[in-house]
Amino acid sequence: MVTVDRAERIFRARVSNGAAASPETVGQAREEARREASDWVNSLVRRYAAHLEKHEAECRKAKEKVLAAGGLHVLGTERHESRRVDNQLRGRAGRQGDPGSSQFFLSLDDDLMRIFAGDRLKGMMERLGMEDDVPIEAKMVTRSIENAQKRVEGHNFDIRKNLIEYDDVMNLQRKAIYALRRRVLGDEPMKDDVLDMIERVVGVLCQDSCPPRSSPTEWDLETLRRRAKGVFGFEPSIPSDIGRYSDLEMAAYEAVERRFGEKQESLAGEFVVVKRGLIAKEDLQVTDTQVEPVWRYLLRQFYLGQIDRHWRDHLTQIDHLREGIGLRGYGSRDPKLEYKREAHQLFLSMTREVDFNVCAELFNVQLMSPDEVRAQQERQRRAAETMQRLAEARPPAWRTSPTRSVRPLRPERPARAPSAWWKGRPRYRKTSKKDRKSGRS
């Protein structure tokens, strides 16, 4: 890329100097750019070799000094909770066969020693009669420290394992939601998915109004029709003499499916897709290949909006559940099982809300006629122009309006001296109970 840019600059310079813009000029500019690039790369290689030789000589001198001093000696003032960190610190010395050593100086008041091995070592020192300033150098101390580190590592591993078990629940739900979003954003037909969604919604409505294990005389068909109208926009025609729950659910599903087909057919010859929305068309025959993208657009907008909003709310509810689920242990219940059960219930409730809202939007969608669209665009244009005029006519906050008069400040009145008639007047004060008893007024 650098060579091409350089060749272009050389070519333009030659053309500006009077050379002819011919293929020979282009070839000459290209060859000159290649030679310059080759010379530049060779100079970089030579400079790199010179710097490398210089620094290698300095490193050899420093290495000789380190070897003469006995290598690197690492002093540690505390043992870490993880053996991996201590091993990495030890590995700084004596690398690749070079001389070196490492040594740790510990105190019984360190966190690791105090929690796991401090009391036992202090008791042993008291029994042996050792002084406080006597260093302890024994393999038993090293083994005690390593055992303490193993226990800390096991404790940390259990914490991470516990967190992973809690996160696995959300990971499964996250995969299900993302798979649904990818399917909605894909290019495959969504008719089967819509029918499955309708079947789920109809099943929930039937179960709530007409329990499957109850007798047909206890079914509330009026509530079923009313709730179906609130979701699908119409009351499905369900016979009152149905005796089985499966027949009831099938009749409701078939009625809603027919309504869905009628909705597609009624809109098939009435709309056309434009850049920003849907506009009804009066005298245009639209084929099925043109209907499918529009339905996909509608379903995509409805589905994505509902999924994003309810998924955010679901994450907030899961966070609240995670914060207080540990208290279930005081009631002799496993917090993990309780978390999995309630998180699953919240997820089912979220997906149910998504299905209901998408069905309601899909069945109650209404297209605008061209006159309505033009009227709405005209109203939006007028509103924008009005806001623009108001913004231009409004003065800045720091500038005084020329039509507004500034009232002068009121001059302060000078204090008047007391008149002569006031000087001779007697003064009164409120008489207290004590004054009345003493006879003073």
Residues that are of a type in the set (Ser, Thr, Tyr), within 30 Å of GLN376 (Cα to Cα) and at pLDDT 85 or above: does region 216-232 have at least one? no
The one condition LEU75 fails out of (1) assigned to a helix (DSSP H, G or I); (2) surrounded by fewer than 14 Cβ atoms within 10 Å (Cβ to Cβ) is (1)
By my count, helices (runs of 4 or more DSSP H) wholly in region 334-428 with at least 2 residues that are on the phi < 0 side of the Ramachandran plot, out of contact with any Asp or Glu (no Cβ under 9 Å at 6 or more places or on another chain) and at pLDDT 70 or above are 335-363, 370-393
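Scan region 321-341 and tell me whether some residue there is under 30 Å from VAL256 (Cα atoms) and either in contact (Cβ under 8 Å) with a residue 24 or more places away in the chain or not β-branched (Val, Ile, Thr) (or both). Don't jump to the end; show me each part of the working.
The initial filter retains those residues of region 321-341 that are under 30 Å from VAL256 (Cα atoms), namely none.
No; the residues of region 321-341 include none that is under 30 Å from VAL256 (Cα atoms) and either in contact (Cβ under 8 Å) with a residue 24 or more places away in the chain or not β-branched (Val, Ile, Thr) (or both).
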query: Do the conditions hold for LEU362, that is, is it exposed (fewer than 15 other Cβ atoms within 10 Å of the Cβ) and either more than 28 Å from ILE198 (Cα to Cα) or not polar (S, T, N, Q) (or both)?
result: no
Quick count over region 312-358, residues being more than 19 Å from the chain's Cα centre (by Cα) and acidic (Asp, Glu), is 5
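The values are calculated or read from the model by the stated rules, or taken from the named source; none is laboratory data. These figures come from a predicted structure and were not determined experimentally. So basically every Cβ, Gly included, is an ideal-geometry build from the backbone, and we count neighbours across all protein chains shown.
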